[in-house]
């Protein structure tokens with residue numbers, strides 16, 4: 001059975017021909033087809049205004065990103081074989097670069113599965129399905145994951161605002177097997193307990209793995225401040241590598257409780273201090289009390305979630321970086337990161353330049369980082385490259 005066709009307006013196929021996979025609602029020729037005949041998540045063929053087929057997508061008539069391409073082939077059947085091929089390809093890459101099964105197994109468009117993120121915690125899989133199209137294929141997806149990996153449990157983490165835009169429910173659930181009472185992962189020589197159901201996103205942030213390892217190697221004998229520390233992924237490896245003291249600051253009591261337990265688990269609790277506070281308030285107080293740190297890690301959540309929030313978010317990043325630099329010891333190391341796609345690497349570069357000049361410090365970049373290899377970047381989908389990190393050496397003004 002052939003899929004129904006969605007026609008694009010004239011010249012609106014250029015981005016797709018270059019390899020992008022999104023079709024926006026204003027790119028569709030609604031004169032040729034009535035969108036109200038489609039149901040959210042329905043499979044369609046995308047067709048140029050001249051009638052040339054571009055491939056198969058799933059479609060939602062109610063969202064700004066109306067269609068997401070699944071294949072350059074038309075009339076694609078998204079059954080068990082489809083998922084088996086895509087998941088096997090994703091698994092092959094991860095197994096090439098990671099010796100243990102703790103990684104992001106699927107990263108949306110980069111792995112040919114838009115609207116889907118899967119994090120692997122050994123025998124437990126945590127899924128985020130953010131589109132009606134992927135939700136409609138969930139049964140085949142889960143069946144294929146069970147066949148391919150024989151997991152102990154599969155959790156769907158549905159507490160995501162994007163699902164609301166797609167008209168989907170927000171209740172997280174265990175959709176296969178049963179979660180162990182305690183779940184642990186290994187990263188950068190450390191062991192961490194993970195709380196999938198109560199944790200943020202899928203329960204863990206694998207993306208900074210490489211940068212966190214680099215930071216830990218610099219930490220011996222240093223006083224480290226970990227801002228927006230979550231459950232200790234930056235601070236605990238630093239302590240294990242010989243940091244003299246590590247202060248973790250986060251607004252979440254639950255995250256800090258888990259971070260403290262993780263510090264105990266890795267035998268570094270005595271050198272770690274956990275502070276529940278707003279990071280802005282903490283930094284202002286630290287400045288007033290003349291507290292100083294040898295290494296500061298600033299890894300905030302996304303402060304620019306939408307393009308229209310750019311000005312407000314940019315200002316928040318600027319103030320955070322400015323405040324953090326003011327409590328850094330001379331000849332200190334400052335690690336500044338952003339996971340906001342709409343804040344570019346160039347934007348963060350400029351924030352750091354301006355902040356250093358504002359407080360009359362000499363700052364230079366000695367390393368840069370981004371997302372790890374389990375977050376591969378699709379060369380035609382700029383949105384898949386979101387994480388940027390600068391390692392800065394900061395001294396007195398020259």
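The values are calculated or read from the model by the stated rules, or taken from the named source; none is laboratory data. This one's a predicted model, so the numbers in the text were calculated from it and none came from an experiment. Because the Cβ atoms are built from the backbone with ideal geometry, glycine has one as well, and the counts that use them run over all protein chains shown.
Listing for the model above:
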item: Failed item in (1) in a loop (DSSP other than H, G, I, E, B); (2) in contact with a helix residue (DSSP H, G or I) (Cβ under 8 Å, 6 or more places away or on another chain), with residue 99 passing the rest; result: (2)
item: Members of the stretch 103-137 that are part of a strand (DSSP E or B) and out of contact with any helix residue (DSSP H, G or I) (no Cβ under 9 Å at 6 or more places or on another chain); result: 119, 121, 124, 126
item: Residue within the stretch 170-177 that is closer than 16 Å to residue 128 by Cα, out of contact with any helix residue (DSSP H, G or I) (no Cβ under 8 Å at 6 or more places or on another chain) and in a loop (DSSP other than H, G, I, E, B) present; result: yes
item: Which listed residue, of 81, 85, is under 22 Å from residue 20 (Cβ atoms) and without any contact (Cβ under 8 Å) to a residue 24 or more places away in the chain; result: 85
item: Residue in the stretch 258-265 that is over 19 Å from residue 124 (Cα atoms), modelled with pLDDT of 95 or more and in a loop (DSSP other than H, G, I, E, B) present; result: no
item: Selection status of residue 144, buried (at least 18 other Cβ atoms within 10 Å of the Cβ), at pLDDT below 95 and either part of a helix (DSSP H, G or I) or on the phi < 0 side of the Ramachandran plot (or both); result: no
item: Subset of the stretch 244-276 (residues that are out of contact with any strand residue (DSSP E or B) (no Cβ under 6 Å at 6 or more places or on another chain) and closer than 29 Å to residue 314 by Cα); result: 250, 251, 252, 254, 255, 276
item: Residues located in the stretch 59-75, provided they are surrounded by 18 or more Cβ atoms within 10 Å (Cβ to Cβ) and farther than 19 Å from residue 166 by Cβ; result: none
item: Among (1) surrounded by 21 or more Cβ atoms within 10 Å (Cβ to Cβ); (2) under 24 Å from residue 190 (Cα atoms); (3) at pLDDT 95 or above, the one test that residue 283 misses; result: (2)
item: Some residue of the stretch 233-244 being assigned to a helix (DSSP H, G or I), out of contact with any helix residue (DSSP H, G or I) (no Cβ under 8 Å at 6 or more places or on another chain), surrounded by fewer than 20 Cβ atoms within 10 Å (Cβ to Cβ) and free of Cβ contacts under 8 Å to residues at least 60 places away in the same chain; result: no
item: Selection from the stretch 180-192 of residues that are buried (at least 16 other Cβ atoms within 10 Å of the Cβ) and assigned to a loop (DSSP other than H, G, I, E, B); result: 183, 188
item: Residue among 94, 104, 31, 68 that alone is over 30 Å from residue 204 (Cα atoms) and either in contact (Cβ under 8 Å) with a residue 24 or more places away in the chain or not assigned by TED's automatic domain parsing to the domain that holds residue 148 (or both); result: 31
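One line per residue, one yes/no per condition, for (1) touching a helix residue (DSSP H, G or I) at 6+ places or on another chain (Cβ under 6 Å); (2) in the same structural domain as residue 161 (by TED's automatic domain parsing); (3) at pLDDT below 95; (4) on the phi < 0 side of the Ramachandran plot:
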{"residue": "292", "(1), (2), (3), (4)": "no, no, no, yes"}
{"residue": "306", "(1), (2), (3), (4)": "no, no, yes, yes"}
{"residue": "337", "(1), (2), (3), (4)": "no, no, no, yes"}
{"residue": "345", "(1), (2), (3), (4)": "no, no, no, yes"}
{"residue": "364", "(1), (2), (3), (4)": "no, no, no, yes"}
{"residue": "371", "(1), (2), (3), (4)": "no, no, no, yes"}
{"residue": "374", "(1), (2), (3), (4)": "yes, no, no, yes"}
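The rows are residues; the columns are (1) within 24 Å of residue 147 (Cβ to Cβ); (2) modelled with pLDDT of 95 or more; (3) surrounded by fewer than 19 Cβ atoms within 10 Å (Cβ to Cβ).
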{"site": "6", "(1), (2), (3)": "no, yes, no"}
{"site": "20", "(1), (2), (3)": "no, yes, yes"}
{"site": "44", "(1), (2), (3)": "no, yes, no"}
{"site": "57", "(1), (2), (3)": "no, yes, no"}
{"site": "77", "(1), (2), (3)": "yes, no, yes"}
{"site": "85", "(1), (2), (3)": "yes, yes, yes"}
{"site": "90", "(1), (2), (3)": "yes, yes, no"}
{"site": "93", "(1), (2), (3)": "yes, yes, yes"}
